[in-house]
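Take a look at the structure below.
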Amino acid sequence: MSDHFHFNLMGKRKIALILSTLLIVVSIASLALRGLVLGIDFTGGTLVEIGYPDSVDPETVRSQLVTGGFDDASVQHFGSSKDILIRLPSKEGRVSAELSTRIMNVVKTGESASAELRRIEFVGPQVGEELRENGGLAMLYAIFGILLYVAWRFEYRFSLGAVAALVHDVIITLGFFSVFALEFDLSVLAAILAVIGYSLNDTIVVFDRIRENFRRMRKGRPVEVMNVSLNQTLTRTIITSLTTLLVLIALVFLGGEIIHNFAVALIVGVLIGTYSSIYVASPVVLALGVSKEDLMPPEREGDEFEDWV
């Protein structure tokens with residue numbers, strides 16, 4: 001009895017191409033038209049968390065802040081209906097050391113007199129801009145390094161397939177955050193870099209099996225070899241993805257608001273990365289015309305004599 005599946009995965013690559021193209025178009029369109037909801041890590045500004053003894057309406061707090069002169073404040077619940085998160089963009093004339101006192105004086109009125117300050121964070125606009133630029137460069141450097149590594153370990157067609165899958169994963173993950181207007185901060189950027197590593201690891205496992213089967217299955221066509229290889233690694237891929245997702249789902253529901261978007265980015269990345277290692281990386285390599293001869297080890301001097309003996 002065979003110990004692996006027999007799905008015609010490569011037979012569905014055209015459907016996968018349509019799906020991937022649609023997701024990428026939607027993601028790019030959303031990023032171009034709506035952009036990302038950047039956190040204060042990238043834009044600069046002040047973040048204030050306030051706790052109330054009872055449930056509070058964000059609109060009530062927003063009205064208090066507008067009356068107190070903070071008309072550009074963003075207010076939302078944070079974790080529960082008793083916790084409020086206030087974001088203030090950077091603005092000339094605002095002294096960060098005085099903000100917490102001024103805000104608390106504004107919101108501590110009437111039934112909210114017992115509200116308490118939980119935390120305050122401040123990021124200057126110049127620091128935020130540097131973080132944004134360095135974060136983007138980190139992703140580019142990571143992808144370029146992966147391109148060189150895979151080209152050295154396998155063959156240039158495989159490196160292009162791996163990078164195509166990584167770019168596919170990053171664009172769709174960013175598009176997800178843009179479409180659903182989720183805040184994009186340093187923790188989410190870290191999650192995307194982790195997704196790049198996760199997706200690459202899955203892709204390398206598949207590529208290793210493809211190279212091995214190209215040398216073993218002498219009469220198989222490239223599409224047949226890839227199909228067999230994907231089926232042989234499918235069990236490992238599914239188990240790895242499911243166990244990772246179980247941890248990430250627990251983080252989403254139990255980890256609190258601070259790491260919520262980090263966990264969401266990883267969940268999206270793991271799902272898309274698992275899909276791309278099957279339906280993006282390998283089909284790109286196949287479309288570039290890889291063959292058995294491209295992966296055969298170079299002949300060494302004396303091999304013919306050893307075979308004759």
**Study point:** Subset of the stretch 88-106 that is in a helix (DSSP H, G or I), aliphatic (A, V, I, L, M) and at pLDDT below 80 - its residue that is least open to solvent (accessible area, probe 1.4 Å)
**Key:** Leu99
Review point. What are the residues in the stretch 51-72 that are free of Cβ contacts under 8 Å to residues at least 60 places away in the same chain and not in a helix (DSSP H, G or I), if any?
Key: Asp54, Ser55, Val56, Asp57, Gly68, Gly69, Phe70, Asp71, Asp72
Check your understanding: When you go through (1) of a type in the set (Ser, Thr, Tyr); (2) modelled with pLDDT of 90 or more; (3) over 22 Å from the mean Cα position of the chain (by Cα) one by one for Ser291, which number turns out not to apply?
Key -> (2)
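Does Arg216 satisfy being in contact (Cβ under 8 Å) with a residue 24 or more places away in the chain and open to solvent by 50 Å² or more (accessible area, probe 1.4 Å)?
On the way: in contact (Cβ under 8 Å) with a residue 24 or more places away in the chain: no; open to solvent by 50 Å² or more (accessible area, probe 1.4 Å): yes.
Here the answer is no, as Arg216 does not meet what is asked.
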Practice item. Could you grab me the full set of residues in the stretch 64-76 that are touching a helix residue (DSSP H, G or I) at 6+ places or on another chain (Cβ under 6 Å) and surrounded by fewer than 18 Cβ atoms within 10 Å (Cβ to Cβ)? Key: Gly68, Gln76
Practice item. Tally the residues that are in contact with a helix residue (DSSP H, G or I) (Cβ under 9 Å, 6 or more places away or on another chain) and outside any helix (DSSP H, G or I), restricting the search to the stretch 213-232. Key: 3
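Given Leu137, Leu174, Leu148, which one is open to solvent by 80 Å² or more (accessible area, probe 1.4 Å) and modelled with pLDDT of 80 or more? Write out each step before concluding.
Working: Leu137 fails: open to solvent by 80 Å² or more (accessible area, probe 1.4 Å); Leu174 fails: open to solvent by 80 Å² or more (accessible area, probe 1.4 Å).
Just one listed residue meets the conditions, Leu148.
Kindly indicate which of Arg209, Arg157 is of a type in the set (Lys, Arg), free of Cβ contacts under 8 Å to residues at least 60 places away in the same chain and on the phi < 0 side of the Ramachandran plot. Write out each step before concluding.
Working: Arg157 fails: free of Cβ contacts under 8 Å to residues at least 60 places away in the same chain.
Sole residue among the options that is of a type in the set (Lys, Arg), free of Cβ contacts under 8 Å to residues at least 60 places away in the same chain and on the phi < 0 side of the Ramachandran plot: Arg209.
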Revision key, fill the gap. Counted residues in the stretch 250-288 being at pLDDT below 90 and out of contact with any helix residue (DSSP H, G or I) (no Cβ under 7 Å at 6 or more places or on another chain) come to 6
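Looking at Val167, Val228, Val206, Val163, can you tell me which residue is within 20 Å of Leu288 (Cα to Cα), open to solvent by 40 Å² or more (accessible area, probe 1.4 Å) and under 22 Å from the mean Cα position of the chain (by Cα)?
Values: Val228 fails: under 22 Å from the mean Cα position of the chain (by Cα); Val206 fails: open to solvent by 40 Å² or more (accessible area, probe 1.4 Å); Val163 fails: open to solvent by 40 Å² or more (accessible area, probe 1.4 Å).
Criteria check complete, one pass: Val167.
Any residue at all in the stretch 14-25 that's assigned to a helix (DSSP H, G or I) and in contact with an Asp or Glu (Cβ under 9 Å, 6 or more places away or on another chain)?
Initially, the stretch 14-25 is screened for residues assigned to a helix (DSSP H, G or I), giving 14-25.
If we keep only those that are in contact with an Asp or Glu (Cβ under 9 Å, 6 or more places away or on another chain) as well, we get none.
No, because not a single residue in the stretch 14-25 is assigned to a helix (DSSP H, G or I) and in contact with an Asp or Glu (Cβ under 9 Å, 6 or more places away or on another chain).
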Review point. Out of (1) over 17 Å from the mean Cα position of the chain (by Cα); (2) loosely packed, with under 15 Cβ neighbours inside 10 Å, what's the single condition that is false for Gly35?
Key: (1)
**Study point:** Enumeration of residues in the stretch 30-50 that are at pLDDT 85 or above, in contact with a strand residue (DSSP E or B) (Cβ under 9 Å, 6 or more places away or on another chain) and either part of a loop (DSSP other than H, G, I, E, B) or farther than 29 Å from Leu174 by Cα (or both)
**Key:** Leu36, Ile50
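The values are calculated or read from the model by the stated rules, or taken from the named source; none is laboratory data. Computed from a predicted structure; not experimentally measured. Note that each Cβ is placed from the backbone with ideal geometry, even for glycine, and that neighbours are counted across all protein chains shown. To get the accessible areas, we keep the full protein, side chains included, count just its heavy atoms, and leave off ligands, DNA and RNA. Shrake-Rupley method; radii C 1.70, N 1.55, O 1.52, S 1.80 Å.
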